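What follows is a short report on a single structure.
The values are calculated or read from the model by the stated rules, or taken from the named source; none is laboratory data. This is a predicted model, so every value here is computed, not measured. Virtual Cβ from ideal backbone geometry, glycine too; neighbours counted across all protein chains shown. The area values use the complete protein model at the heavy-atom level, side chains included, leaving out ligands, DNA and RNA. Shrake-Rupley method; radii C 1.70, N 1.55, O 1.52, S 1.80 Å.
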Amino acid sequence: MGDGQWRSFVGGTSSGAALVIAGHPFDTIKVRLQTEGKGGRFTGAWDCLRQTMSKEGFFGLYKGVLPPLLFAGFINSTLFGMQSMAVNAIKNDKSRKPTVTETMKGAVVSGFAISFIVQPIEAVKARLQVQYGAKNEVKYHGMVDCFRKVVSNLGIRHGLYRGWTMTALCRMSNYAYFGPYEFFRSKFGMTSGSSEGRSILQSMGITVLCGSLTGVCYWFSFTTHPCHLPSFFRPLPR
């Protein structure tokens, strides 16, 4: 592995870890609200935050953080590798840059493939997130214990892969991310060979802007609705 590949790997792993650390509390609140449903123990996001902080402390928001923290870099690097291979397989002319449509088609394929890796990690994470109470009152004592008990009690298919269909649909909706990102990069002149003359800060700023606009497009796209459903298919800890 060359220096460039190592840098990409370390950069991807570090950025993935930073994303997990920053976003996991919000994910915990989301998963808890989805699992409880209407009429559950929480009246809304603020109530969920308040109760979690009051009863479980700040680190209650970080329950289940270890699985995504450990595997975020691997998942991201695998996803982008699959995306590149899928797009290259779809293109008719290998010498040209892929179109936005080809990029989106590749995202459907890569999203379906990565769902098989993501699902067990998400299953363990979600079960740890919806454990309420002190350490001596919960069923699962960490990632490994949760994995072992779920497989032992429910099996791989009905335990770790329960809700996989929704996870696959969610990951396949990545076309609503990869497509707009390539579109905005093209519009802002960030395609290969077209960004000469810009400073590093300018390039970084445009990249951040493209990513921000892409995130808005992704989350406002109706295609991401399946991403909200896997938690409904995962049972409370057992």
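The residues in the range 81-112 that are within 13 Å of E182 (Cβ to Cβ), in a helix (DSSP H, G or I) and open to solvent by 40 Å² or more (accessible area, probe 1.4 Å) can be counted, and the count is 5. The residues of the range 161-171 that are open to solvent by 20 Å² or more (accessible area, probe 1.4 Å) and more than 12 Å from the chain's Cα centre (by Cα), listed by number, are Y161, R162, W164, T165, M166, L169. The number of residues in the range 31-51 that are hydroxyl-bearing (S, T, Y) and open to solvent by 40 Å² or more (accessible area, probe 1.4 Å) comes to 1.
Condition check for A123 on (1) out of contact with any Phe, Trp or Tyr (no Cβ under 6 Å at 6 or more places or on another chain); (2) in a helix (DSSP H, G or I); (3) at pLDDT below 90: one failure, at (3). Looking only at residues of the range 149-185 that are among the polar types (S, T, N, Q) and out of contact with any Lys or Arg (no Cβ under 9 Å at 6 or more places or on another chain), we find that the one that is modelled with the highest pLDDT is S152. Scanning the range 118-131 turns up no residue that is touching a residue at least 24 places away in the same chain (Cβ under 8 Å), over 24 Å from Y177 (Cβ atoms), buried (at least 16 other Cβ atoms within 10 Å of the Cβ) and more than 24 Å from the chain's Cα centre (by Cα). The requirement of being modelled with pLDDT of 90 or more and either crowded, with 19+ Cβ neighbours inside 10 Å or in a loop (DSSP other than H, G, I, E, B) (or both) is not satisfied by F59.
Looking at Q83, is it farther than 16 Å from L128 by Cβ and touching a residue at least 60 places away in the same chain (Cβ under 8 Å)? Spelling it out, Q83 is indeed farther than 16 Å from L128 by Cβ and touching a residue at least 60 places away in the same chain (Cβ under 8 Å). Close Cβ contacts (under 8 Å, 6 or more residues apart or on different chains) running from residues in the range 68-79 that are closer than 13 Å to H24 by Cβ to residues that are of a type in the set (K, R) and open to solvent by less than 60 Å² (accessible area, probe 1.4 Å) comprise P68/K125.
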